[in-house]
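Engineer: Could you have a look at this structure, given as structure tokens, before my questions?
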Amino acid sequence: RLSNLNITVSHTLISPSIPMTVVGIDARELRSTSSQPLHYITNSVTLGGGMAADVILDTSGVSPGTYFLYTSNLNYLSNNEDDFGGIMTEIVIN
């Protein structure tokens, strides 16, 4: 689950090397009114304040290594004066 706990700023999270299947938004599965799944594959998800997205990262066919999930707004990739922090996480595939 990807969550945006900020209430005033939207954030876009990017996974450029690993496809994400979005299966739910705000703890509800994406389904049509006739109950057909509306899941979709993407490499980025934009979340408004207080939103969450349920995603599945499909690592089949992805070479072993370290990959990143991070914000597209580079101003949020640091913790005040310290670089390499903020809205970013590692995904390690062995």
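The values are calculated or read from the model by the stated rules, or taken from the named source; none is laboratory data. If you're wondering where the values come from, they're calculated on a predicted model, not measured in any experiment. Here the Cβ is made from the backbone with ideal geometry for all residues, glycine too, and neighbour counts use every protein chain on show. We work out accessible area using only protein heavy atoms, side chains counted, and drop any ligands, DNA or RNA first. Shrake-Rupley method; radii C 1.70, N 1.55, O 1.52, S 1.80 Å.
Engineer: Largest first, how would ASP58, ASP82 line up by accessible area (1.4 Å probe)?
Structural biologist: Largest to smallest exposure gives the sequence ASP82, ASP58.
Engineer: For PHE68 and ILE25, what is the calculated FRET efficiency with R₀ set at 25 Å and r taken between the beta-carbons, to the nearest 0.05? Kindly include the intermediate steps, with their values, before the conclusion.
Structural biologist: Numbers: r = 23 Å, r/R0 = 0.91.
With a Förster radius of 25 Å, E is 0.65.
Engineer: Using a 1.4 angstrom probe with every protein chain in place, what is the largest-first accessible-area order of THR46, THR59? Intermediate results must be reported in sequence, preceding the final value.
Structural biologist: Details: THR46 85, THR59 60 Å².
The most accessible residue leads, giving THR46, THR59.
Engineer: Report, in debye and to the nearest 20, how large the dipole of the chain comes out about its Cα centre when Lys and Arg carry +1 and Asp and Glu carry -1 on their Cβ. Spell out each step's value before the answer.
Structural biologist: Details: 3 positive and 8 negative charges, 78 e Å.
Approximately 380 debye in magnitude.
Engineer: Could I have the simple spin-label model distance between TYR76 and GLN36, label points 7 Å from Cα toward Cβ, reported in nm to one decimal?
Structural biologist: Calculated label separation equals 3.3 nm.
Engineer: On to the next question. Going by accessible area, probe 1.4 Å, with all protein chains left in place, what is the ranking of SER60, SER44, largest first? List each step's numbers first, then the result.
Structural biologist: Working: SER60 85, SER44 45 Å².
Result of the area sort, largest leading: SER60, SER44.
Engineer: Starting at the first residue of the stretch 31-42, write each ³J(HN,Hα) from the Karplus equation 6.51 cos²θ - 1.76 cosθ + 1.60 with θ = phi - 60°, in whole Hz, x for Gly and Pro.
Structural biologist: After applying 6.51 cos²θ - 1.76 cosθ + 1.60, I find 9, 6, 5, 9, 6, 7, x, 10, 4, 9, 9, 8 Hz.
Engineer: Can I ask one more? Taking a virtual spin label 7 Å from the Cα of ILE56 along the C-beta vector, which residues in the stretch 12-27 bring their backbone nitrogen under 15 Å of it?
Structural biologist: Counting backbone N atoms under 15 Å from the label point, the list is 19-25.
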